[in-house]
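A.B. asks: To start, I am sharing the structure in question, which I have written as structure tokens.
The values are calculated or read from the model by the stated rules, or taken from the named source; none is laboratory data. Computed from a prediction, not measured in an experiment: that's the story for all the values here. Heads up, the Cβs are rebuilt from the backbone with ideal geometry, glycines too, and the neighbour counts pull from every protein chain shown. Just so you know, the surface numbers come from the protein's heavy atoms only, side chains and all, with ligands and any DNA or RNA stripped out. Shrake-Rupley method; radii C 1.70, N 1.55, O 1.52, S 1.80 Å.
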Amino acid sequence: MEQANSMPIDYLPIFLQLLVAVGFGVSTIIITHLIGPKVRTENKLGAFESGIEVIGNAWQPFSIKYFLVAILFVIFDVEVIFMYPWAVNFRDMGFQGLIEMFIFMGLLLLGFIYVIKKKALNWD
Amino acid sequence: MGAIITLSILALVVLYLGLFKVKSMLLPVSILGFLVAIGFLWFDWNSTSGPLYSGMVHFDHYAIVFSILCIAVTLCIFVVSKGYFDQEGQVAEYYSLLIFSLTGAVLVNSYHNFSMLFLGIEIMSVALYILVGIRKRDKASNEAALKYFIMGAFSTGFLLFGIALLYGATGSFDLSEVKEYVVNNPQAISPLFYGGILFLIVGLTFKVGAVPFHFWTPDVYDGAPILITSYMSTVVKVASFAGLLRLFSYSLLPLQDFWTPVFLVIAILTLFVGNISALMQSSFKRMLAYSSVSHAGYMLFAIIAVGATSANSIFAYGLAYSLATIVAFTGLILVKKTTGSEHFEAFNGLGKRNPMLAFAMTVAMLSLAGIPLTAGFIGKFMMFSSVMENYHIVLLVLAVVNAAIAVYYYLKVVVAMYFRDSEESCVNVQWNYSIVLFLAVVLTIIIGVYPDYLLKLI
Amino acid sequence: MEWSFVIEKLILVFIIFVVTLLIAMYSTLAERKIAGFMQDRYGPDRAGLFGILQPLCDGGKFFFKEEIIPAGAHKALFILGPTIAIITACISSAVIPWGQELQIGDRTISLQVADVNVGILYMFGVIALGVYGIMLGGWASNNKFSLMGAIRAASQSISYEIAMGLSIIALLMVTQSLSLKEIVAQQSGFVNWNIWAQPLGFIIFMVCAFAECNRVPFDLPECETELVGGYHTEYSSMKLGLYMFSEYINMFVSSALMASLYFGGYNFPFMNDLGLSANMITILGVVVFFIKILLFIFFFMWVRWTLPRFRYDQLMNLGWKMLIPLAIANIVLTGVFTLIKDTYFS
Amino acid sequence: METVVQQLQGVPINHYLIFCSIIFAIGVIGVLIRRNVIIIMMSIELMLNAVNLLLAAFSVQHGDSSGQVFVFFIMALAAAEVAVGLAIIIMVYRNTKSVDIDSLNKLRW
Amino acid sequence: MDNLFLLILLPLISALILTFLKTNAAKSIALILSLLSLALTIPFLCTFDANGGMQFEQNWLWISSLHIHFHIGVDGISLPLILLTNGLMPLIIATTFKKDYKGNFYALMAFMQAGLLLVFMALDAFTFYVGWEIALIPIYFICALWGEGDRIRVNLKFFIYTFLGSLLMLIAILYLYQQVPNRDFEWTSFIALDLGEDTQRWLFWAFFIAFAIKIPIFPFHTWQPNTYTNAPAAGTMLLAGIMLKMGVYGLMRWLLPIAPAGVALYGHFAMILCVIGIVYASIIAIKQDDVKRLIAYSSIAHVGLISAGVFTWNTNGLSGATIQMLNHGISVMGLFYVLDIIQQRTQTRSLTELGGIASRAPRLAIFFMIICMGAVGLPLTNGFIGEFLLLKGVFQYGFWFAVFAGLTLILGAVYILRLYQKTMLGEATERTKQFEDVKSTELVVLTIVSALILYIGIFPNFLLNLSASSVEVLSTFLGR
């Protein structure tokens, strides 16, 4: 590849932008905190549940499906990571590289079909 | 290499068989697959040219022998497992995960590159994390899975740090190149390298369950379903040791003076802690768990006294231990079916309730204890003689004391079976159990009487 | 490498920042105006001419409203949520090439904040971080609606991230580079735009972009009919503003990304045949780029007022069962075609 | 400014080593002293990431890309491990309603 | 018919056959098979050439990678023991005819016989070790399965004790193996080794402890009285009659030739232990009320004397030990049998509850008298010639040793006569009133035992000739 290696210096501007963004975010929050009115009442500080009495705490277990999605995401996303280097270089690798990646994707797909068949992604 | 591919494909096929609800095919297909894999290994025997796939794996005789052992043991476990997991409703997953884990084990046996060691160990363990917890409602199983997971991942961290340090020192993950580095710079070995070895030792001893990194073993072995325990204490243990020995006998051999003392201490501690804890157990399963710790201690002897015969000795020991363990766990399953208990008392009167099973258990216990004319004796003999080769006489004396302690708790089973009475009914043994028991017992005795061929394998 | 470089970059960052905020602010107005236009009404038109000062009023109101932190909430995370949202939104634009180089005196000024060779990975990393803002905010509120919204948002965005990543891979196979600058530079003229090589990839990418921005028809996390305000139910004052802002900024950045990845970025047809000076081309390029971005933003809004919202299971099914297989198929096709072309037709 | 850049580019390997060791140690200590399973898992991830960083640093030092490939392996397996681990934790949580490691005391001798 | 291996094979086969016999016929079949074994031994006895060398050697490569051979052969020291083993087996089987043992009991006995024979024949250390261990397993089962009292704990102790000892021996064997230039376990290679004194020191202890536990020599004897007491009669006969000879034989075959310097250094100490054992066990035996315990302790005393004879390492001591091993086997078997008969009829082993049997059962009284005389070592009984030689040997070794060892004769006479008097003479008690005299198999067995005792006592030369030259050879190892 003809492109040069990135030097750490190339990331410096990103750092600058990060500083600006943080500065903006933090300052707005501080400013609103300072200039906004502060009249606290019990009702105002309670959780909003459309006017109904709050029962318990919101921090309790929720549907397992979301965990399943999260777990699947972790797996699939990491597998995708493997494809990035290949995708960038795949022309140099030619058909052999293609077939190897197809095997890899085939396995991924097998897993994927398994997940679907197991109805792990069915929301009902 | 054919074996690894076969096993991987087999795992997928089994998974999909389960998906398409052809449960009756699961066992035949798996067994067929195993046989094919063994066949591949068999035909590789004379064509061991060198590392394959840019030095990733190397199927030398050592790897082939251990791989066949692992596959064969798994085969036995499969045969026994017929009907064992039916109530779980996820038989295919169970089979498939076991095969995946086995693939990892084969990889650990044959690696020639640290990345393959790492991958192998991880494939082996990640599948097991699930298998240990396969009984979703059983709290013990859950807890075991969690403990195994945390300890496994933790030890992986150490293993990886060690590998990273070795890489930092040598610039390569290849075993040959690491060896070259050690051989070429005998004077100027980087401190990183030594640090790396220590971390590797920590990581790998975690995996083999040697003291002081053993504390997960009893809980996990106890909590897991019996068959999984038997898999863990046979295939996983043997494969881990094969991997350990491969690394230390091939790449790190020239630095023997550095790591031998470490293993020496570990081995002694392992023996004593394992044995003395096993002595105090009232649960047979837990006793086997601790005894497996102590067996790890004996197997470490081969690494302490690494030499021309250590591969053979660790193989003989692993084989004997695996056979006996399978019998022991199979017996436990059968007994648990009628009595519902995993304690020694469950075996009471087995000599009358089922004499053949009692005989098989007796042979297994004697083999574990290392009594002559059983395979276990040959294993212990090989270990002792290899240690003697390097004149670690003190170690040997300690080992002997431990062997005597071990006899006590192994005989506890025999005592229960023959000398105590029980009102429990007869124990029925289905044909699949009988086959495995018969084979294992016969092999144990044959190896015990005539191990010649076995000891010349590698 | 001197201080002038830093100052130059600071100025650039500042300009981009201001532009981003402006566009975000006026997107809110545009949204309502377009809604008006679509529904045949006026939209806001009291503040200034055509309501041009409306965003400023809204912003001012945000600042002067009372800030409420519910008693049951986790204070630190409650504040951290919107902060992370806005920060990730703001820094994601760092690797987008806004234009070619400007020549001022003997200085060559690049109109890209940072040219890193893994620009695309950077984008994805930052966008993926965005979900933390929503998740933390929703969880810290200790409100069941918020939590539900947050979880939905998280699930949705991670689900679509896979398809997005896969569609990008197909693009990478064409461009052979991870540097956004490089990718845009490859698309000079009109026929080289990646949209011609990757139509399917683009569609997948776009759908995913919609989902990542939580825009209709994928705005499940904040659907008023089910979840009151979604993850920001408990938020008020500028913290709510920050969430909204970050959402519009995300839309802006997504548009920019789509424009640069598939529609040539600052490239426009015949740009090298008009005989203009380099600086002129650059400036024209920037203008063209913004036109493309604005078109995309318009498209976002158009869709919002046209399509109904998905049901949650439909949304997940679309993501997992349609887009991922499609994206994989796209990769396979791209790979095969590219290699056949390389081997036999070159 | 110059010096900053040069220093950035010329960070000696020892600094990486020490840095990674510290992160690794934090991870190890986290695993050993924290009681919440989730945090233990995060500590383990920290350990793995320390290794990743170290490998990447060594890889650059040796001018050998295999170190970075190894990082990929680690990432992939860490993901698999996390997936399985999370599943186990959820399973345990559903049975015991707790993610505290001390509540898991069924298996003791 | 000079195939030694047959001798080992036959008991193994009979063990296999007997395992599956569940009927009463097992007893007779076991007896016939053991008689067959005995018959097979006769040709060796006849063709044995007492020249001090190994004979009827058989040598197969067993485990080639470790150069382990299956090497067996006999010389003048081992042949009497083989004779003892094969001779006592039918007798012991015959003693069990009144009990309801099944085939498995006899299978274990046959299996043990094979192990014992292997020990006595082995000329390869590995073979020896294997025999040593496999003789242990059946006796453990016999004692623990059919024993009485606290049999489980007691036998476990016995097993672990002996196992630990034998493992120590294994270390020594492995060490020697490493020393042999071409790496084998051959006895001839071992004794040809030129070992340093330091090595021989610990080698001595490794072997000595292993054998001392088995014999048992004070202070390694603690397992013995309980095990003997709780074992079934046949088991006790096996233990006392044959098995403890394994230890003495081991001393002579392995310890003396391999570590002569070790023996020279520590033999004195071992002698002291033996003598302490003699006196200690005799005194305890006098105090015993339980007849089985009494004999158990007497056994310690007798074997102590035999071991002392071995450690004197002169011709007298050694040949005394050789012959006394055989004699002690016969006498102690007879003693235990008589006690077993008494116990079966009276249901007690307590001396206080016995008495006056002689009047009810005169035949038994006569047999018992003969056996007791043999045990005490009166002239014209088998014990005399052995003890005479042993004491002579000990006297040669040291005067004071002989004095103390000689106590065995006096003390032995005391407790044996006390035993005889308390059981046979005096007033009949509750339990002995209905005492029936011996008949049928009991009669046969007792007759044979008594005949042997008298025959050897009168014609000991046959046995002495058998072992004389081998003992000569053995004594030449001293001071090497």
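A.B. asks: Would you work out which of E:17, E:164, E:70 lies farthest towards the positive end of the dipole of chain E? Charges go on Cβ: Lys and Arg +1, Asp and Glu -1.
C.D. replies: Towards the positive end, the residue furthest out is E:17.
A.B. asks: Report P(r) for chain E: all Cα-Cα distances, bin width 20 Å, range 0 to the bin holding the largest distance, values in whole percent.
C.D. replies: All Cα pairs considered, the percentages come to 26, 60, 13, 0.
A.B. asks: For residue B:281, enumerate residues with amide H under 5 Å from its amide H, sequence gap 5+ or separate chain, H modeled in the peptide plane.
C.D. replies: none
A.B. asks: Sticking with this structure for a sec: Over the Cα atoms of chain C, each weighted equally, I'd like the Debye log10 I(q)/I(0) at q = 0.08, 0.11, 0.14 Å⁻¹, rounded to two decimals.
C.D. replies: The computed values of log10 I(q)/I(0) come out as -0.41, -0.78, -1.23.
A.B. asks: Let me ask something additional. Where the only charges are on Cβ atoms (+1 Lys, Arg; -1 Asp, Glu), what is the dipole of region E:26-171 about its Cα centre, to the nearest 20 debye?
C.D. replies: Numbers: 7 positive and 8 negative charges, 128 e Å.
Result for region E:26-171 is approximately 620 debye, rounded to the nearest 20.
A.B. asks: Given R₀ = 45 Å, FRET efficiency for residue D:100-residue E:183 by Cβ-Cβ distance, to 0.05?
C.D. replies: On the way: r = 58 Å, r/R0 = 1.30.
Working from the Cβ atoms, E equals 0.15.
A.B. asks: Please identify every one of the trypsin sites (Lys or Arg not before Pro) in region E:93-137 that sits in a loop by DSSP and has no more than 16 other beta carbons within 10 Å of its own beta carbon.
C.D. replies: Working: sites: E:98, E:99, E:102; in loops: E:99, E:102.
Here the sparse-neighbourhood loop sites are E:99, E:102.
A.B. asks: Structure shown: which of B:207/B:336; B:179/B:237; A:65/A:117; A:117/B:147 lie over 21 Å apart, alpha-carbon to alpha-carbon?
C.D. replies: The answer is B:207/B:336; B:179/B:237; A:117/B:147.
A.B. asks: Same structure, new question: Quote the relative contact order of region E:21-161 in percent (integer), defining contacts as alpha-carbon pairs under 8 Å separated by 6+ residues. It would help to have the intermediate numbers written out before the result.
C.D. replies: Working: 166 pairs, mean separation 34.7, N = 141.
The normalised contact order for region E:21-161 reaches 25 percent.
A.B. asks: Kirkwood hydrodynamic radius, region B:1-136, all distinct C-alpha pairs: what's the number in Å?
C.D. replies: On the way: mean 1/r = 0.0666 Å⁻¹.
Averaging 1/r across every pair of different Cα atoms and inverting gives 15.0 Å.
A.B. asks: Same structure again: Work through the residues other than residue E:128 whose Cβ is under 15 Å from its Cβ and net out their charges, Lys, Arg +1 and Asp, Glu -1. Walk me through the numbers on the way to the answer.
C.D. replies: On the way: positive: E:214, E:245, E:253; negative: E:57, E:75, E:124, E:133, E:184, E:186.
Once all neighbours under 15 Å are counted, the net charge is -3.
A.B. asks: Could you sort C:270, E:459, E:477, C:310 by accessible area so the largest value comes first, with the probe set to 1.4 Å?
C.D. replies: Numbers: C:270 140, E:459 115, E:477 25, C:310 65 Å².
The most accessible residue leads, giving C:270, E:459, C:310, E:477.
A.B. asks: Once you wrap a convex hull around the alpha carbon atoms of region B:316-456, what is its projected area averaged over all directions, in nm²?
C.D. replies: Values: hull surface 34.1 nm².
Seen from a random direction, the Cα hull of region B:316-456 projects 8.5 nm² on average.
A.B. asks: Taking every pair of Cα atoms in region E:336-480, average 1/r, invert it to obtain the Kirkwood radius, and report Rg/Rh to two decimals. Let's see the in-between values first.
C.D. replies: Working: Rg = 18.7 Å, Rh = 17.1 Å.
Dividing the radius of gyration by the Kirkwood radius yields 1.09.
A.B. asks: Also, quick follow-up: Hey, if you drop one equal point scatterer on each alpha-carbon of region B:107-180 and run the Debye formula without solvent, what base-10 log of I(q)/I(0) do you get at q = 0.19, 0.20, 0.22 Å⁻¹?
C.D. replies: With one equal scatterer per Cα and no solvent, log10 I(q)/I(0) is -0.78, -0.82, -0.92.
A.B. asks: Output the relative contact order of chain B, whole-number percent, from Cα pairs under 8 angstrom with separation of 6+ residues. Walk me through the numbers before you get to the answer.
C.D. replies: Values: 767 pairs, mean separation 63.6, N = 458.
This gives 14 percent for chain B.
A.B. asks: Right, another one. Return an integer: the convex hull volume of the alpha-carbon atoms of the protein assembly as shown, in Å³ per residue.
C.D. replies: Values: hull volume 322.8 nm³, N = 1517.
Roughly 213 Å³ of hull volume per residue.
A.B. asks: Based only on Cα atoms, what mean projected area does the convex hull of region E:14-156 have, in nm²?
C.D. replies: Hull-based average projected area comes out at 10.0 nm².
A.B. asks: Taking the Cα centre of the protein assembly as shown as origin, sum charge times position over the Cβ atoms of Lys and Arg (+1) and Asp and Glu (-1), and report the length of that vector in debye to the nearest 20.
C.D. replies: It works out to roughly 3980 debye.
A.B. asks: How much net charge surrounds residue C:318 when only the other residues with a Cβ under 15 Å from the Cβ of residue C:318 are counted, with Lys and Arg +1 and Asp and Glu -1?
C.D. replies: Working: positive: C:152, C:215, C:309, C:311, C:321; negative: C:161, C:212, C:219, C:313.
Net of charged neighbours comes to +1.
A.B. asks: For region B:81-226, with the dipole built from +1 on Lys and Arg beta-carbon atoms and -1 on Asp and Glu ones, taken about the Cα centre, which of B:188, B:142, B:208 lies farthest toward the positive end?
C.D. replies: Positive-most Cα among the choices belongs to B:142.
A.B. asks: Just to be sure I follow the definition: excluding the sites themselves, where is the longest run in chain C that has none of the trypsin sites (Lys or Arg not before Pro) in a DSSP loop with at most 15 other Cβ atoms within 10 Å? Display every interim value, and only then the final one.
C.D. replies: Values: sites that count: C:41, C:46, C:311.
Counting only loop sites that pass the neighbour cut-off, the longest clear stretch is C:47-310.
A.B. asks: Could you sort E:357, D:33 by accessible area so the largest value comes first, with the probe set to 1.4 Å? Walk me through the numbers on the way to the answer.
C.D. replies: Details: E:357 0, D:33 110 Å².
Final ranking, largest accessible area leading: D:33, E:357.
A.B. asks: Calculated from DSSP H runs of 4 or more alone, at -39500 (n - 2.57) each and per residue, what is the 222 nm mean residue ellipticity of the protein assembly as shown, nearest 500?
C.D. replies: On the way: 60 runs with 1085 residues, N = 1517.
Value at 222 nm, helices only, nearest 500: -24000 deg cm²/dmol.
A.B. asks: Inverting the mean 1/r over all pairs of different Cα atoms, compute the Kirkwood radius of region B:188-237 and quote it in Å. Walk me through the numbers on the way to the answer.
C.D. replies: Details: mean 1/r = 0.0814 Å⁻¹.
After inverting the pairwise mean of 1/r, the radius is 12.3 Å.
A.B. asks: Report the paramagnetic label zone for residue C:5: residues of region C:104-142 whose backbone N is under 16 Å from a point 7 Å from Cα along the Cα-to-Cβ axis.
C.D. replies: Backbone N within reach: C:107-117.
A.B. asks: Report relative contact order for chain C in percent, whole number only (criteria: Cα-Cα under 8 Å, sequence separation at least 6).
C.D. replies: Numbers: 517 pairs, mean separation 79.9, N = 346.
Here the relative contact order equals 23 percent.
A.B. asks: Give me the net charge of residue B:244's neighbourhood, meaning all other residues with Cβ under 15 Å from the Cβ of residue B:244; Lys, Arg count +1, Asp, Glu -1. Walk me through the intermediate numbers first.
C.D. replies: Working: positive: B:207, B:237, B:246; negative: none.
Combined, the nearby Lys, Arg, Asp and Glu give +3.
A.B. asks: By accessible area of protein heavy atoms, probe 1.4 Å, what ranking do B:423, E:353, C:247, E:133 get, highest first?
C.D. replies: Working: B:423 175, E:353 70, C:247 35, E:133 0 Å².
Order by accessible area, largest first: B:423, E:353, C:247, E:133.
A.B. asks: While we're looking at this one, here's another question. What FRET efficiency would be calculated for the residue pair residue E:434, residue B:25, taking the C-beta separation as r and a Förster radius of 51 Å, to the nearest 0.05?
C.D. replies: On the way: r = 74 Å, r/R0 = 1.45.
That pair, residue E:434 with residue B:25, gives E of 0.10.
A.B. asks: Tell me the Rg and the Dmax, in Å, that the Cα atoms of chain B produce.
C.D. replies: Considering chain B through its Cα atoms, Rg and Dmax are 20.9, 70 Å.
A.B. asks: Right, another one. For a paramagnetic label modelled at 7 Å from the Cα of residue C:273 toward its Cβ, which residues of region C:192-208 fall within the zone defined by backbone nitrogen distances under 15 Å?
C.D. replies: Inside the label zone: C:192-193.
A.B. asks: Could you name the lysines in cross-link range of residue E:287, using Cα to Cα under 18 Å and dropping any fewer than eight places away on the same chain?
C.D. replies: Correct list for residue E:287: E:422.
A.B. asks: In addition: Taking the Cα-to-Cβ direction at residue E:16 and at residue C:106 and moving 7 Å from each Cα, how far apart do the two end points lie in nm?
C.D. replies: Label-label distance for residue E:16 and residue C:106, simple model: 10.4 nm.
A.B. asks: Let me ask something additional. Rounded to the nearest 0.05, what FRET efficiency is calculated for residue B:426 and residue E:441 with R0 set to 41 Å and r the Cβ-Cβ distance? The partial results should precede the final answer.
C.D. replies: Working: r = 36 Å, r/R0 = 0.89.
So, using R0 = 41 Å, E works out to roughly 0.65.
A.B. asks: Please compute the average number of Cβ atoms from other chains found within 10 Å of each residue's Cβ in peptide B:212-221.
C.D. replies: Working: counts 0, 0, 0, 0, 1, 0, 3, 6, 1, 1.
Per residue, the number of nearby Cβ atoms from other chains is 1 on average.
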